[in-house]
Amino acid sequence: MAKKEVDDRFKKFGTVSFTAITKTNDFISHLEDGKIMGTKCKECEAVYFPPRSDCFKCLNSNMEWFEVTGTGKLLSFSELQYGPVGFEKDLPYIIAILDYGFHKVFGRISDDIPYDGLKVGMELQTVPNTLSNGQLNYVFKQP
Amino acid sequence: MGKVGIIGVGQSKFVRGFAGSIRELAFEGFKEALVDAKIQTKDIDASIIASAPEYDKQRSSAGVVAEYLGLIPQPTFYIETVCSSSSTALKVAYSMIKAGLHDVVAIVGFQKMSEISSNESQERMGRGADIQWESPFGTMMPAYYAMYAQAHMAKYGTTGEDLAKIRVKAATYGQINDKAVYRKPVTMDMFTDPKSNMSSPVAKPLRVGDCCANADGSSCVIVASEERAKSLCDKPVWILGIGAASETVNMAGRDLFTGLNVGIEAGRQAYKMAGITSKDIDIAEVHDCFTIAEMMAYENLGFAKTGEGKDLIAGKETYKEGSIPVNVDGGLLSKGHPIGATGGSQIRTIVLQLRGEAGEMQVKDPELGLVHNIGGVGLYGNVTIMGR
Ligand SMILES: [Zn+2]
């Protein structure tokens, strides 16, 4: 009998992933296809980013994917001089949060934007990114 | 239903690298509280142990600590809300007494942050946030608070200099608190001197000087029903208001980046329960894990209007002689922040102040005191109001 396949796609997310198995594993396949996707509840239309597989508002698990497109407003950011174990090679790097109006996205600023080039309120877009160690994440770039 | 009173408080010295085990560390704070309350261990009919378990090698530390303190066979259990664990435990103890289940409850908070190696500690710090969606980006506690600082600066014009003033105040009192881990003075010049460690960036815009001192330490608060408090204690301090709130772990779920919703909500509950406003508070201990956290607490608790926290510290209003003294024991910044012990230590400071026993740190005749204790990056928040 064939061994049961384990769907552990999520271990590809980020410099170091701390999660392998989640019902939102399709997020990784979408990322590989060049898309940042959130989920939307088909029953009550609640929008979730980061994506969720269950809607706490109406208790349904009937979700569909939507793509994060366009630009969001930079709400805040910080440049780290020290990182956790496994992130040393990325230093220094900038974490940030973007406001898309109906949802927000937490992530990293693209390496091509220096700290001094950032300003709260500026418009940035979210794009898929392949890290030097082959892992996947997404970064915020100038549109 | 009667009141709940605090009849004893204690804490160990907050130190770097405590030379003993976690149970021995817990003993130090517990013993001081027991002596302070002038009661015996057998008078305590339940205990709650609080720490952040990721720093402990011991699994389920409540049993081990309770045994070492001689609190067996009374019931004991463990409470965790990271940095606010021991004030959460106080809320639970309050409820147990109010429910009539117990009369005298000891809350023992501890943290031996040096229990694990700095490499292990760095690894755990990497998992301090939403491990699925945020930690893979390489997040750290200082960087999250730095994002709040950045947003506060952008919206209200707060500067690094404003934040440095909070650190200077903390060091003023850390020097006169013999339980504090950081006893040295800090000056404004250090923040502009590139040779000083204080000015070195950790997570921009926060610098080393903006971050609290890690420490090993323990604290203990003993609470009792009104009847028992009056019979056991000459000067009980009464819990008049107790509020608590929670917030999303993921930053993407939040709507406020210039303040902490949990501080606002827990404060609202506590003021309402005590039937007072922020103007009635004579002294406060707020959660200053970073300078920006104290600045936001001024505003979230109503000591300053939103965006005007910088004016409060510029006017030295939060110094001992000011209109609302805050963290005049050195705060987390200088006294130190042994996670599970912090809330209990804050409670201890306010209890001593209300009893007029704070020594050199004593504020003139305070009647109402407040403790604001935050867990995680505004993930959990507790506000406790006490009076004589
Ligand atoms: Zn729904």
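Observations on the structure shown:
- Within segment A:23-49, considering residues that are within 25 Å of A:GLY72 (Cα to Cα), open to solvent by 20 Å² or more (accessible area, probe 1.4 Å) and within 16 Å of the ligand (Cβ to nearest atom), the one nearest to the other protein chains (Cβ to nearest Cβ): A:VAL47
- Within segment B:79-119, the set of residues being out of contact with any His (no Cβ under 8 Å at 6 or more places or on another chain) and assigned to a strand (DSSP E or B) comprises B:ILE79, B:THR81, B:VAL104, B:VAL105, B:ALA106, B:ILE107, B:VAL108, B:GLY109, B:PHE110, B:GLN111.
- Filter result (closer than 20 Å to B:GLY128 by Cα and open to solvent by less than 30 Å² (accessible area, probe 1.4 Å)) within segment B:38-61: B:ALA50, B:SER51, B:ALA52, B:TYR55, B:ASP56
- Screening B:ALA224 with (1) within 14 Å of chain A (Cβ to nearest Cβ); (2) surrounded by 24 or more Cβ atoms within 10 Å (Cβ to Cβ); (3) of a type in the set (Gly, Ala, Ser) gives one miss only, at (1).
- Put simply, of A:SER110, A:SER132, A:SER61 the only residue that is within 16 Å of the ligand (Cβ to nearest atom) and of a type in the set (Ser, Thr, Tyr) is A:SER61.
Conditions (1) more than 16 Å from the ligand (Cβ to nearest atom); (2) over 14 Å from the mean Cα position of the chain (by Cα); (3) of a type in the set (Ser, Thr, Tyr), marked per residue:
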residue	(1), (2), (3)
A:ILE21	yes, yes, no
A:ASP54	no, yes, no
A:VAL68	yes, no, no
A:GLN81	yes, yes, no
A:PRO84	yes, yes, no
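- Residue within segment A:52-70 that is facing another protein chain (nearest Cβ under 8 Å), crowded, with 17+ Cβ neighbours inside 10 Å and not hydroxyl-bearing (Ser, Thr, Tyr) present: no
- Residue list for segment B:143-170, filter: in contact with a Phe, Trp or Tyr (Cβ under 7 Å, 6 or more places away or on another chain), crowded, with 22+ Cβ neighbours inside 10 Å and more than 8 Å from every other protein chain (Cβ to nearest Cβ): B:TYR145, B:ALA164, B:LYS169
- Taking the listed residues B:LEU368, B:LEU312, the one that is open to solvent by 10 Å² or more (accessible area, probe 1.4 Å) and farther than 30 Å from B:LYS3 by Cα is B:LEU312, with no other qualifying.
- Highlighted here are the helices (runs of 4 or more DSSP H) found entirely within segment B:265-351 that include at least 2 residues which are of a type in the set (S, T, N, Q): B:291-300.
The values are calculated or read from the model by the stated rules, or taken from the named source; none is laboratory data. Just so you know, these numbers come straight off a predicted model, no measurement behind them. A quick note on method: Cβ atoms are made from the backbone with ideal geometry, for glycine too, and the neighbour counts reach across all protein chains shown. Calculation scope for accessible area: heavy atoms of the full protein, side chains included, ligands and nucleic acids excluded. Shrake-Rupley method; radii C 1.70, N 1.55, O 1.52, S 1.80 Å.
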